[in-house]
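Report on the structure given below.
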């Protein structure tokens, strides 16, 4: 019997116990799923980084830690976590992110905020076609690639950027420092979906913000530290950046005194762009345990050097 430890906050157990049990049964896995296995007996840990489990030293037989979170920056530095670590790439989460990003890109593209603000007068302004509105997506992992392709289906010319070369059908793919400049220089709408690593922190700063066209809009459902907040506020105040929709922040919940709350050119959403769905996440966890038991490579295993 495969012993699986569930290590997350109590409310997560309530939401995940039944979907995980069903997914294991469907996959033909004989699993003993608990919250209280003896650490040395555990084969796999289903894990949330904000759980009480922070010392993995006693888990001497653990074959893999399967995170419930897409982001792993809070655990890659844990020196006791020496076994394979897999991040969550959940079809439900991906679908939610594509829908959220598409909604806000279309909101900017159609200038829906202006329509709402001018309800007291007749001032027709016809938006351009999507094919005339360049969009850039920074980050071409599972979420970034899905969002880029989703936007391309609307007709937007989409440029994607990543640190290393990528090829994605229908997307202009750039990489490296020169590619970043090219991606930013034409982006009327910019979407940030990079991981939080030392190499990506403050990737949107005074210098890179200046490379965007005047009047560009920014959407960040990725990670808060991707943006130099002071530089963004300055760019908004000068009018170089027309508006920003921010879903993630360096400190969450966003403090009541943070200037983003009251800024007229900022939309704050409370980290709701995408959420892991228990049913689809459970299916991904079951598949990875199947692979582990068969000796096959794990899906979405984290590269510790890259941090994602």
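Laboratory data are not the source of any read-out in this text; all were calculated from the coordinates shown. Since this is a predicted model, take the numbers as computed values, not measurements. Here the Cβ positions follow ideal geometry from the backbone for every residue, glycine too, while neighbour counts run over all protein chains shown.
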- In what order do 267, 159 fall by count of nearby beta-carbon atoms within 10 Å, going from fewest to most? 267, 159
- Item | Tilt relative to the chain, helix 229-238 - C-alpha long axis, 0 to 90 degrees, to 10 | 20
- Task: Kindly state, to the nearest 0.05, the FRET efficiency for residue 26 paired with residue 272, given R0 = 30 Å and r defined as their beta-carbon distance.
- Result: 0.55
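How much mean residue ellipticity at 222 nm does the chain get from its helices, if each DSSP H run of length 4 or more adds -39500 (n - 2.57) and you divide by all residues, to the nearest 500 deg cm²/dmol? It would help to have the intermediate numbers written out before the result.
On the way: 9 runs with 101 residues, N = 308.
When only DSSP H runs of four or more count, the value is -10000 deg cm²/dmol.
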- At each listed q (0.10, 0.12, 0.14, 0.20 Å⁻¹), what is the log10 of I(q)/I(0) that the Debye formula gives for the range 215-308 modelled as equal alpha-carbon point scatterers? -0.44, -0.57, -0.68, -0.96
- Message: Using Cα-Cα distances under 8 Å and only pairs 6 or more residues apart, what relative contact order does the range 178-242 have, in percent?
- Response: 39
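Taking 8 Å as the Cα distance limit and 6 or more residues as the minimum spacing, I'd like the relative contact order of the chain as a percentage.
On the way: 567 pairs, mean separation 57.5, N = 308.
19 percent.
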- Message: When 1/r is averaged over all different Cα pairs and the result inverted, which Kirkwood radius in Å belongs to the range 93-268?
- Response: 16.4
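Starting with the fewest neighbours, write out 219, 2, 112, 272 ranked by other beta-carbon atoms found within 10 Å of each beta-carbon.
On the way: 219 27, 2 17, 112 14, 272 10.
By the 10 Å Cβ count, ascending, the order reads 272, 112, 2, 219.
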- Note on the structure: Checked against the structure, the computed Cα extents along the principal axes in Å among (1) 68, 42, 34; (2) 75, 51, 31; (3) 63, 42, 35 is the one labelled (1)
- Residues 164, 115, sorted so that the one with the fewest Cβ neighbours within 10 Å comes first: 164, 115
- Angle between the chain longest axis and helix 278-294 axis [Cα atoms, degrees, rounded to 10]: 50
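With the cut-off at 12 Å, report for the range 198-249 the share of all Cα pairs above it, as a whole percent. Don't skip to the answer; put the middle values down first.
Working: 797 of 1326 pairs.
Beyond 12 Å sits 60 percent of the P(r) for the range 198-249.
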- Rounded to the nearest 10, the angle in degrees between the Cα long axis of helix 10-26 and the longest principal axis of the Cα atoms of the chain comes to 70
- Could you work out the relative contact order of the range 93-268, using alpha carbon pairs under 8 angstrom and six or more residues apart, expressed as a whole percent? 17
- Query: Over what distance in Å are the Cα centres of the range 156-177 and the range 280-307 separated?
  - Reply: 26
